[in-house]
Amino acid sequence: MAKKVQTKNTEEILWDSANKLRGSVEPSEYKHVVLSLIFLKFANDKFLRRRQELINEHKEAFLEIPEFYQAENVFYLPEESRWTYIIENAKQEDITLKVDSALKTIERTNKSLEGALPDNYFTRLGLDQSKFSALLDTINNIDTLKDESQDIVGRVYEYFLSKFAIAEGKGKGEFYTPKSIVNLIAEMIEPYKGKIYDPSCGSGGMFVQSLKFIEKHKGNKKDVSIYGQELTNTTYKLAKMNLAIRGISSNLGIKAADTFGDDQHKDLKADYIMANPPFNLKDWRAENELTNDPRWAGYEVPPKSNANYAWILNMISKLSQNGVAGFILANGALSGGGEEYKIRKQIIENDLVEAVVILPRAMFYSTDISVTLWILNRNKNERTFEVNDGIKNYRNRNGEVLFMDLRQKGEPFEKKFVQFGEEEITVIAAHYHSWQQNNWKESYQDIPEYSYSASLEDIRKKDYSLVPSKYIEFVNRDESLDYDEQMQSLQTDLKDLFQQESELKKEVSNVFKTLGYEL
């Protein structure tokens, strides 16, 4: 098939193709259609390259032995699951059945994909034949291995997940956390090595960004283990596919399951936790359910009216001795009353809170409420920690919490959203890390409307509120104004306006007079 000349980038071409599915597929479904097909194409391109390597090495006898592919992190593809077979049959009426069979065969042949791929998905959708064939043609023109340093498949995944989140709007973008927020969390908690856990992992974006952080800081991806859990079955599969396609091994539990009702990692102690759990989740348990759960040990039982503190206690229970957690929650959790107040007070008295960072509005595609990044740390003692690109000399921060206000930060994105730029993230993270270091008195200082290092006593005086604006100095710019100067300026402006009004009246009066209608 002849290759088309591409004038748009790959992501844009695919987005246009996806849009053509509107009408025959629900918007909530077509992301799974496109991403599953991209997976098939990418798996096929890698398979063909490995197959050619075996031929070049004169190992034709091993071409149909899966282990010779899997040893190189390549999925073995039987004949009926190869992209070439799909394209040869693209115009056939049973093409959706063939795509389903291909996905099922790949999953059966490659154990690491168990439970990751859609099951009899395409045949159930009732796709328009011509639109589906057109989409297959579009994907066929993508060389997924053209520039591996650019991670084209990963880029397409991110682009699509973000575009789908924007397109689906409020309440339906729960599978995607904006990239710049995930990047900020990674740069602040620095997941260099150990176990990384996300109790509401969505499509696995936190894990992908963790691995990118490790690559950026010259680390080894083999030094981390990935643990996650996801409630929704289709999103669970999306996460497994998202990670598998990038060669990231993971443990997302044996099935999609509720983190509270069916914890898939009961004995886990994680070194890093990154999360963006659903905000203000109501009725997450029945009245008499989970009241003796060991995850709340030492705290009040989280109220059934809001799961925010259930998420927090779940994460605390899974932190290792030196564990650090960075997670996003709605601002209401900073100052809520009742049981939430009692739990928050105990967490603060246990000295687990390291930083509270309020983010700009309009960062999420699914909600416009203000959100906060919490950083909890089980070990705020002085210690030296060797990392890939240097040594961290942490000072003793017991009894201290750093508050940061980023509401004036960020840059416009997609017209109505805000995101952090790469340089901005570096500066924010550097400010936080300078506060943590032994030489902090030389490198860190409180900045009005930006940051404040509070003591435990400060927080007690504020009745355990964690609202940053209660601690960070506010600059009253009105105080510096010169009253006489401002009044003289206003006086001049008004004189000009009155003069213009007078002249305008004269002009209008003259016009009417010349017409014989004197005013």
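The values are calculated or read from the model by the stated rules, or taken from the named source; none is laboratory data. Here the structure is a predicted model, which means the values were calculated and not measured. Cβ: placed from backbone, ideal geometry, glycine included. Neighbour counts: every protein chain shown. Just so you know, the surface numbers come from the protein's heavy atoms only, side chains and all, with ligands and any DNA or RNA stripped out. Shrake-Rupley method; radii C 1.70, N 1.55, O 1.52, S 1.80 Å.
Some notes on this structure:
- Restricted to region 394-428, and to residues there that are in a strand (DSSP E or B) and among the acidic types (D, E), the residue that is farthest from the chain's Cα centre (by Cα) is E400.
- Count - residues of region 419-432 that are surrounded by 15 or more Cβ atoms within 10 Å (Cβ to Cβ), of a type outside the set (S, T, Y) and in contact (Cβ under 8 Å) with a residue 40 or more places away in the chain: 5
- Members of region 258-288 that are more than 15 Å from K318 (Cβ to Cβ), without any contact (Cβ under 8 Å) to a residue 24 or more places away in the chain and open to solvent by 70 Å² or more (accessible area, probe 1.4 Å): D283, E287, N288
- The numbered conditions (1) assigned to a helix (DSSP H, G or I); (2) open to solvent by 40 Å² or more (accessible area, probe 1.4 Å) are all true for R295 except (2).
- Selection within region 223-256: residues that are charged (D, E, K, R) and in a loop (DSSP other than H, G, I, E, B). The member of this set that is nearest to G115 (Cα to Cα) is K255.
- On inspection, Q486 qualifies as farther than 30 Å from I348 by Cβ, without any contact (Cβ under 8 Å) to a residue 60 or more places away in the chain, open to solvent by less than 100 Å² (accessible area, probe 1.4 Å) and not charged (D, E, K, R).
Each row is one residue, and each column tells you yes or no for (1) over 19 Å from N276 (Cβ atoms); (2) in contact (Cβ under 8 Å) with a residue 24 or more places away in the chain; (3) surrounded by fewer than 19 Cβ atoms within 10 Å (Cβ to Cβ).
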site: K222; (1), (2), (3): yes, no, yes
site: Q229; (1), (2), (3): no, yes, no
site: T235; (1), (2), (3): no, yes, no
site: L238; (1), (2), (3): no, yes, no
site: I245; (1), (2), (3): yes, yes, no
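- Region 112-132 residues that are in contact (Cβ under 8 Å) with a residue 24 or more places away in the chain, paired with ones that are of a type in the set (K, R) and surrounded by fewer than 21 Cβ atoms within 10 Å (Cβ to Cβ) (beta carbon under 8 Å, 6 or more apart): G115/K255; L117/K104; K131/K20
- Unmet criterion (only one of (1) of a type in the set (A, V, I, L, M, F, W, C); (2) touching a residue at least 40 places away in the same chain (Cβ under 8 Å); (3) surrounded by fewer than 16 Cβ atoms within 10 Å (Cβ to Cβ)) for A325: (3)
- Matching residues in region 257-280 - criterion: being hydroxyl-bearing (S, T, Y) and assigned to a loop (DSSP other than H, G, I, E, B): T259
- Some residue of region 459-473 being over 22 Å from T372 (Cα atoms), in a helix (DSSP H, G or I) and either open to solvent by less than 90 Å² (accessible area, probe 1.4 Å) or without any contact (Cβ under 8 Å) to a residue 60 or more places away in the chain (or both): no
- Subset of region 52-73 (residues that are among the basic types (K, R) and crowded, with 20+ Cβ neighbours inside 10 Å): none
- Residue list for region 322-358, filter: charged (D, E, K, R) and closer than 19 Å to I428 by Cβ: E354
- E485 vs. criteria part of a helix (DSSP H, G or I) and at pLDDT below 85: yes
- Single residue of region 279-325 satisfying the filter (among the hydrophobic types (A, V, I, L, M, F, W, C) and more than 18 Å from N350 (Cβ to Cβ)) that is nearest to the chain's Cα centre (by Cα): F279
- Identity of the residue in region 338-393, more than 15 Å from F327 (Cα to Cα), in a strand (DSSP E or B) and of a type in the set (A, V, I, L, M, F, W, C), that ends up modelled with the lowest pLDDT: V387
- Condition met for E72 (at pLDDT 85 or above and among the acidic types (D, E)): no
- Considering the conditions (1) assigned to a loop (DSSP other than H, G, I, E, B); (2) under 21 Å from V353 (Cα atoms); (3) out of contact with any helix residue (DSSP H, G or I) (no Cβ under 8 Å at 6 or more places or on another chain), H431 is excluded by exactly one of them, (1).
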